[in-house]
Amino acid sequence: MQRDFLLKRLEQKPDKQWDIVVIGGGATGLGIAVDAASRGYKTVLFEQSDFAKGTSSRSTKLVHGGVRYLAQGDISLVLEALRERGLLRQNAPHLVKNQAFIIPNYDWWEGPFYNVGMKVYDMMAGRLGLGPSEKISREETLKAIPNLDEHQLNGGIIYYDGQFDDSRLAVNLAQTAVENEAIVLNYMPVTGLLKDRGNLVCGVEVTDTESGETHRVHSRVVINATGVFVDTILSMDDAGTEPLVRPSQGIHFVLDKSFLQGESAIMIPKTSDGRVLFAVPWHGKVVVGTTDTPLEIADIHLEPRALEEEIEFILTTAAQYLKKDPQKKDVLSVFAGLRPLAAQQDSSSRSTKEISRSHRLMVSLSGLITITGGKWTTYRKMAEDTVNKAWMVGGLPERKCVTETMPIHGYVKNTRFDSPGYFYGADRTAINSLIQAEPDLGQLLHPDYEYTRAQVVWAVRHEMARTVEDFLSRRIRMLLLDARISMVMATEVATIMARELKRDPGWIQSQVTDYQTLAKGYILS
């Protein structure tokens, strides 16, 4: 997966008509590219920034059916998500792990109530379930989570769900798409839609932000899979289009593992604002979140920032359940993500947490296909539905979806999730070969973390990392795991990347400066 090589493939036949052009390189767009390419459709994907730069790298890191949606009565969504959870666990076992969750019970009625609810959850998962839920005693609850607040604790419910690394899955999906002959290109924003004499969309105009060159790419079908930015693309097609997305912001803290001793996650089913709160082990740290803050369209950005009231809410709520109360100084990183909730006709007066997370698929009069809503867990089903629509709209030959049982790049069974670099899966052997050939690449980027120089080289050569941020934020997760230490790594990372990308010293300085500015926004002062 090398950008220059893929760009040359695109440029070799400028008059070629592709079957499908996908706009957007997040979970949905990458899933569509994998589905379309694996069916044999000639596919190209364009991403305005880096893969998973937006919402798709800022999730709660869960592959789950959604206990909250079950409580809301959204049975069809939960059934679909539980099935997709099982399929993703089978297809990407190097990234998706079985995670135990505990619901602590502090009121007498909570135990029976949640026990029944989780048994229903288990039943809905069927043969793709990850393990049976059960009621556990006060002593068993404290043994699983030793630092849980003991005051008035009655016991708990243990259940099982999936946990994963979101941006690593995005990278692996991009690699899988390329292995199936798709072209995927980052830093290629779509600047316009091409239309034929009948005013039907027949391609896109894109600009390579690295070279400044513009390309006109013709296609039988164009798919708008840009998440919170779908309305921007829709307005290119028709300036009078009503907004399709109601954006909502969720933030997360990353804390040291000492705040959640033991291997189980905590799930608080109802907080003061009605949302579910999670505290989940992840890469040796703890991810705590999330909030649900409605936003105006004007507030949509690639780099959303946590609001002060969101920060206070999570600090206050977490303190109610953890024996060790987190303070601002304890937060290693804070990140915000925007949910592309699909607005429904009756949703104007509803809070964003009440809007269904089901996806919405629509076709404009011009033939532009738009997909929005949904969540990471259901990305594969969203892609299948979208490509099924695409062959009908574009008059493509009907071909059956094959992604239900298709291994994702890096596939390795029996992954040890506590081993360094486990998330590379099958690629770990190749990274170790780099170190054997050039031992200096085995040096650590920082003594407190197990990331090596070889991983920088690998990310540039095989994962299309183009900037220091691409590597530190999404190829490894240092920006989210420890923003301050990631800033210390930046200069060495830039130096290695400059050598690989043939950049000059000015590029190194610019990259380091840009990254330091970015990372400061992830630190609570």
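Among residues of region 104-120 that are of a type in the set (A, V, I, L, M, F, W, C), those with a beta-carbon under 8 Å from a residue that is surrounded by 19 or more Cβ atoms within 10 Å (Cβ to Cβ) at least six positions away or on a different chain give the pairs Met118/Val67; Met118/Ile103; Met118/Ser133; Met118/Ile157; Met118/Tyr159; Val120/Leu70. Take the conditions (1) closer than 30 Å to Val21 by Cα; (2) part of a helix (DSSP H, G or I); Glu242 misses just one of them, which is (2). Take the residues in region 412-427 that are of a type in the set (Phe, Trp, Tyr) and out of contact with any Asp or Glu (no Cβ under 7 Å at 6 or more places or on another chain), then tell me which one is farthest from Thr176 (Cα to Cα). Taking the candidates together, the pick is Phe417.
Determine the pairs where a residue that is more than 14 Å from Met489 (Cβ to Cβ), located within region 447-470, has a partner that is basic (Lys, Arg) and open to solvent by less than 40 Å² (accessible area, probe 1.4 Å) with Cβ atoms under 6 Å apart, the partner being 6 or more residues away or on another chain. Short answer, once both residue conditions are applied: Glu463/Arg475; Met464/Arg3. Consider region 227-263 and keep the residues that are open to solvent by 60 Å² or more (accessible area, probe 1.4 Å) and within 30 Å of Leu481 (Cβ to Cβ). The one that is modelled with the lowest pLDDT is Gln261.
So which of Thr214, Thr207, Thr176 ends up being open to solvent by 50 Å² or more (accessible area, probe 1.4 Å), among the polar types (S, T, N, Q) and either in contact with a helix residue (DSSP H, G or I) (Cβ under 9 Å, 6 or more places away or on another chain) or modelled with pLDDT of 95 or more (or both)? Outline the logic, then answer.
Working: Thr207 fails: open to solvent by 50 Å² or more (accessible area, probe 1.4 Å); Thr176 fails: open to solvent by 50 Å² or more (accessible area, probe 1.4 Å).
Checking each option against the conditions leaves just Thr214.
Note on region 321-335: residues that are of a type in the set (S, T, N, Q) and either touching a strand residue (DSSP E or B) at 6+ places or on another chain (Cβ under 8 Å) or open to solvent by less than 50 Å² (accessible area, probe 1.4 Å) (or both) amount to 1. For Ile158, state whether it is among the hydrophobic types (A, V, I, L, M, F, W, C), farther than 20 Å from Leu62 by Cβ and not in a helix (DSSP H, G or I). Answer is no for this residue.
Each row is one residue, and each column tells you yes or no for (1) assigned to a strand (DSSP E or B); (2) open to solvent by 40 Å² or more (accessible area, probe 1.4 Å); (3) not β-branched (Val, Ile, Thr).
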{"site": "Val280", "(1), (2), (3)": "yes, no, no"}
{"site": "Thr291", "(1), (2), (3)": "no, no, no"}
{"site": "His301", "(1), (2), (3)": "no, yes, yes"}
{"site": "Arg305", "(1), (2), (3)": "no, yes, yes"}
{"site": "Glu312", "(1), (2), (3)": "no, yes, yes"}
{"site": "Thr316", "(1), (2), (3)": "no, yes, no"}
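The residues of region 1-38 that are surrounded by fewer than 24 Cβ atoms within 10 Å (Cβ to Cβ), in contact (Cβ under 8 Å) with a residue 40 or more places away in the chain and of a type in the set (D, E, K, R), listed by number, are Arg3, Arg9, Glu11, Asp15, Lys16, Asp19.
To keep it simple, each residue is scored yes or no on (1) of a type in the set (Asp, Glu); (2) touching a residue at least 60 places away in the same chain (Cβ under 8 Å); (3) assigned to a helix (DSSP H, G or I).
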site	(1), (2), (3)
Val221	no, yes, no
Phe229	no, yes, yes
Gln249	no, yes, no
Met267	no, yes, no
Gly274	no, yes, no
Val286	no, no, no
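For Thr377, the stated conditions do not hold, so it cannot be described as surrounded by 20 or more Cβ atoms within 10 Å (Cβ to Cβ) and modelled with pLDDT under 90.
The values are calculated or read from the model by the stated rules, or taken from the named source; none is laboratory data. Since the structure is predicted, the reported quantities are computational estimates derived from the model, not experimental observations. Backbone-built Cβ (ideal geometry, glycine too); neighbour counts: all protein chains shown. Ligands, DNA and RNA are excluded from the accessible area calculation, which covers all protein heavy atoms including side chains. Shrake-Rupley method; radii C 1.70, N 1.55, O 1.52, S 1.80 Å.
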